[in-house]
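Chemist: Have a look at the structure that comes next, please.
Read the figures in this text as sums done on the coordinates, not as results from a lab. These numbers were taken from a predicted model, which means no experiment stands behind them. Heads up, the Cβs are rebuilt from the backbone with ideal geometry, glycines too, and the neighbour counts pull from every protein chain shown.
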Amino acid sequence: MRIAVASQNFRTVTAHVGRTRKFFIFEASPGEAPREIERLKLPMGMALHDFHGDGPHPLYEIAAIIAGGVGEGFRRRMAARGVAALATSETDPARAARDFVEGRLAPAAPHDHDHDHGGPARPEG
């Protein structure tokens, strides 16, 4: 199974997956530690927030995407493509992949939504 871990700086897990263009790609087999097989750098316009085509996308071939934050809309969009999208508080990309495979990935810390995700404004209330 292939796992993508969002890492815009190729050092730590990136907080917001949608605009991330850099990912560690790990290959995992049952009973074995995941191993890094690629560092994916998507071209401009291919971040998942920007890509809305029906054509192929390199991350649609992945079993799971891990990031520091994953919105519900993003989670649904990926699920429709057969890709699990998970949020974690783990900051080490290799550890996040290992913990996912071992079934013990730390969930993301809760955060408020006072910041802009680039979508339409939500009514207050």
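Chemist: Hey, for a label at Phe51 modelled as a point 7 Å past Cα toward Cβ, could you say which residues of region 64-105 have their backbone N under 16 Å away?
Modeler: Only 64-67, 74-86 fall inside the zone, counting backbone N under 16 Å.
Chemist: Where in the chain lies the longest segment free of chymotrypsin sites (Phe, Trp or Tyr not before Pro) that are both loop residues by DSSP (not H, G, I, E, B) and have at most 16 other Cβ atoms within 10 Å?
Modeler: So the longest stretch without any such site is 52-125.
Chemist: Here is a follow-up. Could you grab the relative contact order for the chain? Cα pairs under 8 Å, six or more apart, rounded to a whole percent.
Modeler: Worked out over the chain, it gives 26 percent.
Chemist: Please compute the Kirkwood hydrodynamic radius of the chain from all pairs of different C-alpha atoms, in Å with one decimal.
Modeler: Over the chain, the inverse of the mean reciprocal pair distance is 14.8 Å.
Chemist: Also, quick follow-up: State the answer as a single residue: which of His49, Pro34, Gly69 lies farthest towards the positive end of the charge dipole of the chain, with beta carbon charges of +1 for Lys and Arg and -1 for Asp and Glu, about the Cα centre.
Modeler: Toward the positive end, the furthest listed residue is Pro34.
Chemist: Can you give me the Kirkwood hydrodynamic radius for region 1-60, using every pair of distinct Cα atoms, in Å to one decimal?
Modeler: 12.2 Å
Chemist: Treating only the Cβ of Lys, Arg, Asp and Glu as charged (+1, +1, -1, -1), what charge dipole size does the chain show about its Cα centre? Round to the nearest 20 debye.
Modeler: 260 debye
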